Structure formats: structure tokens, C-alpha cells
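Asks: Shown below is the structure under consideration.
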Amino acid sequence: AQSVSQHNHHVILSEAASLELGCNYSYGGTVNLFWYVQYPGQHLQLLLKYFSGDPLVKGIKGFEAEFIKSKFSFNLRKPSVQWSDTAEYFCAVSNYNTDKLIFGTGTRLQVFP
Amino acid sequence: GAVVSQHPSRVICKSGTSVKIECRSLDFQATTMFWYRQFPKQSLMLMATSNEGSKATYEQGVEKDKFLINHASLTLSTLTVTSAHPEDSSFYICSASSPIQETQYFGPGTRLLVL
């Protein structure tokens with residue numbers, strides 16, 4: 001069965017620090033990969049997605065993620081975080097031919113000014 | 001992006017009663033809607049997938065007779081928690097998608113508390 005692991009449960013950073021959140025998945029076939037963000041009190045929003053093509057994907061708000069097939073990873077990065085990036089971040093995976101999403105457990109990011 | 005709403009945003013009910021949660025896609029026709037459950041500090045767990053006009057497909061371990069899902073139109077799906085018990089207290093989130101959307105759009109969630 002598919003599963004998604006996010007090893008960082010809680011990350012605390014100062015503004016301007018660089019961010020990398022890990023995401024690994026287990027599935028042998030072709031996958032679609034997503035990062036979602038949930039700001040405090042708000043609903044889940046799509047940050048970025050990978051379906052095919054360039055494995056380095058750029059999303060909104062300066063975020064990017066790199067798909068490394070050999071490592072089954074899709075880590076999220078941002079070179080310089082802001083206080084407004086404080087949120088919960090979820091990695092998700094789906095089979096390439098379905099809509100069904102499998103979510104990781106989420107990483108809570110706190111950014112202090 | 002597309003907008004999905006849920007109603008109510010929170011509900012408190014007595015044990016044994018039934019609760020209906022609505023999920024609406026406001027600006028697109030959602031051929032598929034999904035219902036998730038999120039426990040505190042945990043991830044979203046998919047409960048069921050519903051396609052407009054057909055029966056929902058439930059994930060393993062989810063009781064279809066307890067969590068009734070109806071997707072009667074392209075803009076509305078409902079989740080009814082029947083004979084709710086305190087262990088059903090949770091955050092229920094719906095999402096919607098269509099063939100032209102490349103991702104699911106999520107509702108704001110409904111917090112259910114069963115006393």
C-alpha cells in the first residue's frame with residue numbers, strides 16, 4: 001500500500017533562514033506528488049505539484065520541490081522563510097491515473113521574527 | 001483557485017443523534033468529491049470517494065452505514081454521521097475535483113463534537 005512519510009514533525013526557524021521539509025513515499029509505480037499548506041484557521045491550499053517533466057517544481061510564495069525518483073523523495077524548500085510561512089505543511093501522493101490522495105502526517109512550521 | 005465550502009463549520013450534538021455536513025463547489029462542477037477525517041495533530045485520512053450520481057467508494061475500515069455519503073448534484077455532496085458517538089468527534093474535510101482540475105480543492109472543514 002502507498003504511504004507517505006514526513007520526518008520533520010515540528011520545525012522552528014527564524015525569519016530569513018532556509019527551509020527544507022522532507023517527504024518520502026512508498027509506491028513502485030508512477031505517481032503524482034503534491035505539497036499542501038494549511039495556514040492557521042484556514043483550509044488546505046495547494047503549494048505546488050509534480051506530474052511529469054522537470055523534477056524541480058516551482059510553486060507559489062517562493063516554494064519549490066524536487067522529485068528524486070531514485071530516493072522516492074519530494075522535499076520542499078524555500079531559501080528564505082518569512083513569519084507568514086508559519087503553517088502546517090502536508091505532502092501527498094496519488095497514483096498517476098487516480099485522484100485519490102494519500103497524505104503524510106504533516107510538518108508544523110513556526111517562523112519567528 | 002476554485003472555492004469549496006462546507007456547512008456547518010462546527011457542530012455539537014448529543015450521542016445517538018445524526019449530523020449532516022454539506023460540501024459545495026461554488027464555482028465549478030465537481031464530478032468527484034472526497035471526504036476526509038483529521039484527528040488532532042494527525043494527517044488527513046480519506047474516508048470515501050463519491051462520484052456524482054453513483055454510490056460512494058469507502059476506504060477500508062470506514063463503515064458505510066455509519067457515514068452516509070450522497071453526491072446528488074455536481075455541486076453538492078453530503079456526509080451524514082448516523083447515530084454519532086463521542087469517538088466520532090473529529091474534523092471532517094471535503095474536497096472536490098473535476099476532469100479539468102489538476103488537483104483537489106479543499107473545504108474549510110467541519111468540527112464535530114459529540115457529547
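Taken together, the values in this text are just the output of simple stated rules run on the coordinates, not laboratory data. Note that this is a predicted model, so its numbers are computed, not measured. When we count neighbours, we look across all protein chains shown, and the Cβ atoms used for this are built from the backbone with ideal geometry, even at glycine.
Asks: Determine the shape class of the range B:4-84: with a ≥ b ≥ c the square roots of the Cα gyration tensor eigenvalues, call it rounded for a/c under 1.5, and otherwise prolate if a/b is greater than b/c, oblate otherwise.
Replies: Because its axes are fairly even, with a/c under 1.5, the range B:4-84 counts as rounded.
Asks: Then there is this: With a Förster radius of 25 Å, plug the Cβ-Cβ distance of B:Lys64 and B:Phe91 into 1/(1 + (r/R0)^6) and report the FRET value to the nearest 0.05.
Replies: 0.75
Asks: Could you pull out every one of the aspartates and glutamates with an alpha carbon less than 18 Å from that of B:Lys66, ignoring same-chain neighbours closer than 8 positions?
Replies: B:Glu22, B:Glu87, B:Asp88
Asks: Multiply the residue separation of A:Gln2 and A:Ile60 by 0.36 nm, subtract the distance between their alpha-carbon atoms, and state the gained length in nm to one decimal. The partial results should precede the final answer.
Replies: On the way: separation 58, 0.36 × 58 = 20.88 nm, distance 2.67 nm.
Using 0.36 nm per residue and subtracting the Cα-Cα distance, I get 18.2 nm.
Asks: Given a Förster distance of 25 Å, report the FRET efficiency between A:Thr30 and B:Ser73 from their Cβ-Cβ distance, rounded to the nearest 0.05.
Replies: With a Förster radius of 25 Å, E is 0.15.
Asks: Straight-line reach from A:Lys58: which lysines have Cα under 21 Å away, leaving out those fewer than 8 places along the same chain?
Replies: Here the lysines satisfying the reach criterion relative to A:Lys58 are A:Lys49, A:Lys69, A:Lys71, A:Lys78.
Asks: Would you kindly work out the equivalent ellipsoid of the protein assembly as shown from its C-alpha gyration tensor and give its semi-axes, the square roots of five times the eigenvalues, largest first in whole Å?
Replies: Working through the eigenvalues yields semi-axes of 30, 20, 16 Å.
Asks: Here's another thing I want to ask about it. If R0 is 41 Å, what FRET efficiency do you get for B:Asn51 and A:Phe112 from their C-beta distance, rounded to 0.05? Kindly include the intermediate steps, with their values, before the conclusion.
Replies: On the way: r = 45 Å, r/R0 = 1.09.
After rounding, the FRET efficiency stands at 0.35.
Asks: Let me ask something additional. Below 8 Å between Cα atoms, with a sequence gap of 6+, how large is the relative contact order for the range B:48-115 in percent?
Replies: Rounded, it is 23 percent for the range B:48-115.
Asks: Follow-up question, since we're still on this one. What is the Cα radius of gyration of chain A over 2.2 N^0.38 Å, N being its residue count?
Replies: After normalising by residue count via 2.2 N^0.38 Å, the value is 1.01.
Asks: Of the DSSP beta bridges with both residues in the protein assembly as shown, give the percent that are antiparallel, rounding to the nearest 5.
Replies: 90 percent
Asks: Expressed as a whole number of Å, what is the distance separating the alpha-carbon centroids of the range A:83-107 and the range B:1-29?
Replies: 21 Å
Asks: Ranked highest first by average number of other Cβ atoms within 10 Å, how do A:80-89, A:3-12 line up?
Replies: So the peptides A:80-89, A:3-12, ranked by packing, come out A:80-89, A:3-12.
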